[in-house]
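Down below is the structure, laid out as structure tokens.
Just so it is clear, none of the values below were taken in a lab; they were calculated from the coordinates. A quick note: this is a predicted structure, and the numbers were derived from the prediction, not measured. With ideal geometry, Cβ positions are generated from the backbone for all residues, glycine too; neighbour counts draw on all protein chains shown.
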Protein chains: 2
Amino acid sequence: MTETRFDVLTIGNAIVDILARAEDDLIVRLGLSKGMMRLIDAAEADRLYTLIGPAIEASGGSAGNTAAGLASFGARAAYIGKIAVDQLGTIFRHDITALGVHFPTAPLEGGAPTARSTILITPDGERTMNTYLGACQALTEADIDEPTVAGAAITYLEGYLWDPPEAKKAFRKAAAIAHANGRQVAITLSDSFCVDRWRAEFLDLMRSRTVDIVFANESEVKALYQTADVPTAVEALRRDVALAAVTLGEEGALVVQGEATYRVPAYPVAEVVDLTGAGDQFAAGFLVGLTRGRGLTEAASLGCLAATEVIGHIGPRPAVSLKGLAAEYGLPV
Amino acid sequence: MTETRFDVLTIGNAIVDILARAEDDLIVRLGLSKGMMRLIDAAEADRLYTLIGPAIEASGGSAGNTAAGLASFGARAAYIGKIAVDQLGTIFRHDITALGVHFPTAPLEGGAPTARSTILITPDGERTMNTYLGACQALTEADIDEPTVAGAAITYLEGYLWDPPEAKKAFRKAAAIAHANGRQVAITLSDSFCVDRWRAEFLDLMRSRTVDIVFANESEVKALYQTADVPTAVEALRRDVALAAVTLGEEGALVVQGEATYRVPAYPVAEVVDLTGAGDQFAAGFLVGLTRGRGLTEAASLGCLAATEVIGHIGPRPAVSLKGLAAEYGLPV
């Protein structure tokens, strides 16, 4: 196994978030499922935009957010995702490369615009996402830059990549390259509705050892095993994958590896402003811990710390240096 | 004088802000004047973008921010400003119309892109602005929608409109329509460097009674009269315009009208996060007070309250209902 060039490569849908505050009754009137992500077409994105209040824009995309978090921790991060040649694409590229993230993906020319997700943030801080995939539909195997994958200790993939049809081929190609180079492959299950759409394939990825590490939250792991009981789901997960981290919101997180289980508490939060990016930043912290050889408990604590930071402000990426924050909390990386 | 259709029409450069945190040493290295606004061309905007960290985007533009603040107070607001047919223009139009602001200006097609201002926010909350005017250069007299101006009790104009050459003609046309309809005309001096560029013309606007109300901060009023002494500048201002409001940062604001002077204190601020929009929101509060027939002291307090809200978070427009906030503070509008 050669030396690594990157600690973590993340691959996902490259999205700019349009973040707007909304009262609960708007979520109800729009017929949305609070806390979930739904896919919409361009016409619905335009229609929805006319129904919401003023917004701010911030680069997002689950795996992009994780790459930003990794860079904020001082890790060597790379990212693969498809933007278009347009203003939102320029914003996405700027924000991720400004953090030092390697971003080798060629933008789409003359096709659909850069993806955007209209995110409604209710007073409880919960976010409800409406994603128009746009240029993400054009991510293909050709975008999987072999040297980048081969050089990354861990390749981390979004479950959301199962939505654009060509992206799942890209996902499988990346996993194959990683394993051929003795690297590890991680997946986040992304969203319980996404799990509902792709349950059989996600289970196959795990059971075929295409993925080595799984990230999930409670609703995703319950959806995966179609049970209302988290412990039941976690026991099933333990058998299906080598290592799994399950986030439990204000209860913190748990990690399962073989017969072992590790639990860590969440950090106290003064006010939950915006849950967007919480899971993505947990993954960043956990992954940085893993790649720095920390124990699983400490890795999970780094994840909880990063999640705590991001839910204290609007936007899905860290507003402060996570490396600095980790040092303050006695978890230097 | 016919009934008004709008309380206030604001006219200015329609800009999307790119807001990035920056340490003081970056401001120094870039050779920027902290707290000021400078105009840059597209090449410099692109170059600067490569030198700054991740950002968020929010609709801005001084007069646009004031229109948003007015709408947040529940006032009937209109806005004239030039965007392009592009993604940033779509964002600008959405954000201002979502608040109920009337925005009759046709977008520019096939020309320069929507204006953007790269704003660096230092740890003290001060903002340093680098504005590429883009489509704003195409604002002309033809964009001054006569019924809108005629129907607004007050037309409020940015000093920044003196920068794009055609816009000053638009400014004069709007002022003429307003006065022909028995309405009032207000100007903000915008920025001390802007005052340096256009001092003689600004003084002429005041002395010729083209404007009835002037908004300025300390550095702008000092620049206008080329004095380091605020009281001296204020006495000169008193002679040159019927009504003036001067913001004094944490010292609050003062209003001069003929021989009378009114002082109001600032509201306490837990933390100054981002000063972007402070003057714009002061103007919104003061103008809503005026149009509701409040006394000058109460109008200035409404201004200070709106400014306090906006400096507590990132972004130049209110994050909460200013109408609700005013009611909470015993200043219902």
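Tally Lys/Arg at +1 and Asp/Glu at -1 over every other residue whose Cβ is under 13 Å from the Cβ of B:ARG239; what's the total?
Values: positive: B:ARG207, B:ARG209, B:ARG238; negative: B:GLU235, B:ASP240, B:GLU259.
Surrounding charge for B:ARG239 is 0.
Wrap a convex hull around the Cα atoms of the stretch A:1-86, take a quarter of its surface area, and give that in square nanometres. Display every interim value, and only then the final one.
Numbers: hull surface 32.4 nm².
Across all orientations, the stretch A:1-86 yields a mean hull projection of 8.1 nm².
Once backbone amide H atoms are built at 1.01 Å from N, B:THR10 has B:ALA78, B:TYR79, B:ILE80, B:TYR156 as its partners under 5 Å, excluding neighbours fewer than 5 places away on the same chain. For the stretch A:45-55, putting each phi into the Karplus relation 6.51 cos²θ - 1.76 cosθ + 1.60 with θ = phi - 60° gives couplings of 4, 5, 4, 4, 4, 6, 9, 10, x, x, 9 Hz, in residue order, rounded to whole numbers and with x for Gly and Pro. Counting only the Cα atoms, the stretch A:240-280 fills a convex hull of 69 Å³ per residue. Note that the stretch B:129-135 has calculated 3J(HN,Hα) couplings of 10, 10, 10, 9, 6, x, 4 Hz, one per residue in order, obtained from phi through the Karplus relation 6.51 cos²θ - 1.76 cosθ + 1.60 (θ = phi - 60°); glycine and proline are x.
Which of the peptides B:24-34, B:82-92 is most tightly packed, and how do the rest follow, going by the mean number of other Cβ atoms within 10 Å of each residue?
Values: B:24-34: 12.9, B:82-92: 24.4.
Going by the mean number of other Cβ atoms within 10 Å, highest first, we get B:82-92, B:24-34.
Would you mind classifying the stretch A:47-180 by shape? Square roots of the alpha carbon gyration tensor eigenvalues, ordered a ≥ b ≥ c; an a/c under 1.5 is rounded, otherwise it is prolate if a/b is larger than b/c and oblate if not. Because a/c hits 1.5 or more and a/b exceeds b/c, the stretch A:47-180 counts as prolate.
Here r is the Cβ-Cβ distance between A:GLU218 and B:LEU30 and R0 is 51 Å; the resulting FRET efficiency, rounded to 0.05, is 0.65.
Cβ neighbours within 10 Å, averaged per peptide: list B:249-259, A:284-294, B:188-198 in order, most packed at the top.
Values: B:249-259: 15.9, A:284-294: 24.3, B:188-198: 22.0.
Highest to lowest by the protection proxy: A:284-294, B:188-198, B:249-259.
Which semi-axis lengths, in whole Å and largest first, follow from the square roots of five times the eigenvalues of the Cα gyration tensor of the stretch B:191-253? The partial results should precede the final answer.
On the way: eigenvalues 58, 36, 21 Å².
Largest first, the stretch B:191-253 gives 17, 13, 10 Å.
Specify, per residue and in Å³, the volume enclosed by the convex hull of the alpha carbon atoms belonging to the stretch A:161-285. All intermediate terms of the calculation are to be shown ahead of the outcome.
Values: hull volume 14.3 nm³, N = 125.
Hull volume normalised by residue count: 114 Å³.
Close amide H partners of B:HIS313, meaning residues 5 or more places away or on another chain with modelled amide H under 5 Å apart, are B:VAL273, B:ASP274.
Seen from A:ALA176, the other residues with C-beta closer than 15 Å to its C-beta sum to a net charge of 0, counting Lys and Arg as +1 and Asp and Glu as -1.
Indicate, rounded to the nearest 5 percent, the antiparallel portion of the DSSP beta bridges found entirely in the protein assembly as shown. Before the final figure, lay out each step's value.
Values: 45 of 113 bridges.
In the protein assembly as shown, DSSP labels about 40 percent of beta bridges as antiparallel.
Springs between Cα atoms under 10 Å define the GNM used for chain B, and in it the highest mean-square fluctuation of B:ASN13, B:ASN181, B:ASN130 occurs at B:ASN181. Around the Cα centre of the protein assembly as shown, unit charges on the Cβ atoms of Lys, Arg, Asp and Glu (plus for the first two, minus for the last two) sum to a dipole of about 420 debye.
If I take all pairs of Cα atoms in the stretch A:10-328, what percentage of them are more than 33 Å from each other? Numbers along the way, then the final one.
On the way: 8394 of 50721 pairs.
Every Cα pair in the stretch A:10-328 considered, those over 33 Å come to 17 percent.
Taking only C-alpha pairs under 8 Å that are 6+ residues apart, what is the relative contact order of the stretch A:10-328 in percent?
Working: 725 pairs, mean separation 56.8, N = 319.
Once normalised by length, the contact order is 18 percent.
Note on A:56-67: average number of Cβ atoms from other chains within 10 Å of each residue's Cβ is 3.
The distance from the alpha carbon centre of the stretch A:235-270 to that of the stretch B:173-229 is 62 Å, rounded to a whole number.
If R₀ is 35 angstrom, what is the calculated FRET efficiency for the pair A:ARG207 and A:ALA270, using the beta carbon separation as r and rounding to 0.05? Let's see the in-between values first.
On the way: r = 42 Å, r/R0 = 1.20.
The formula returns an efficiency of 0.25 here.
If you look for lysine pairs in the protein assembly as shown that are eight or more places apart or on different chains, how many of them have Cα atoms under 19 Å apart? Walk me through the numbers before you get to the answer.
Details: A:LYS34/A:LYS222; A:LYS82/A:LYS168; A:LYS82/A:LYS169; A:LYS82/A:LYS173; B:LYS34/B:LYS222; B:LYS82/B:LYS168; B:LYS82/B:LYS169; B:LYS82/B:LYS173.
Lysine pairs meeting both conditions in the protein assembly as shown amount to 8.
In this assembly of identical copies, the label point of B:GLU328 (Cα plus 7 Å along Cα-to-Cβ) is separated from its counterparts by 2.4 nm, sorted shortest first. At the listed q of 0.21, 0.27 Å⁻¹, the Debye profile of the stretch A:91-169, built from one uniform point per Cα, gives log10 I(q)/I(0) equal to -1.22, -1.41. When chain A is treated as a GNM with alpha-carbon contacts under 10 Å, the residue of A:GLN281, A:GLN226, A:GLN137 showing the greatest mean-square fluctuation is A:GLN226. Local charge sum around A:PRO318 (other residues, Cβ-Cβ under 14 Å, Lys/Arg +1, Asp/Glu -1)? In short, -2. Taking the label point 7 Å along Cα→Cβ, A:ARG199 and its counterparts in the other copies are spaced 7.5 nm apart, in ascending order. Farthest towards the positive end of the charge dipole of the stretch A:10-328, among the residues A:ALA45, A:GLY289, A:ALA22, is the Cα of A:GLY289, using unit charges on the Cβ of Lys, Arg, Asp and Glu.
So for the protein assembly as shown, what percent of the C-alpha to C-alpha distances run longer than 51 Å? All intermediate terms of the calculation are to be shown ahead of the outcome.
On the way: 35205 of 221445 pairs.
Beyond 51 Å sits 16 percent of the P(r) for the protein assembly as shown.
Each copy carries B:ASP25; placing its label point 7 Å along the C-beta direction from Cα gives inter-copy distances of 5.3 nm, listed from smallest up.
Think of the stretch A:156-265 as a dipole: +1 on every Lys or Arg Cβ, -1 on every Asp or Glu Cβ, centred on the Cα centre; then among A:ALA178, A:THR188, A:PHE215, A:ALA178 lies furthest on the positive end. Under a model in which nothing but the beta-carbon of Lys, Arg (+1) and Asp, Glu (-1) is charged, chain B shows a dipole of about 720 debye around its Cα centre. Neighbour counts of C-beta atoms inside 10 Å place A:GLU218, A:GLU271 in the sequence A:GLU271, A:GLU218, starting with the fewest.
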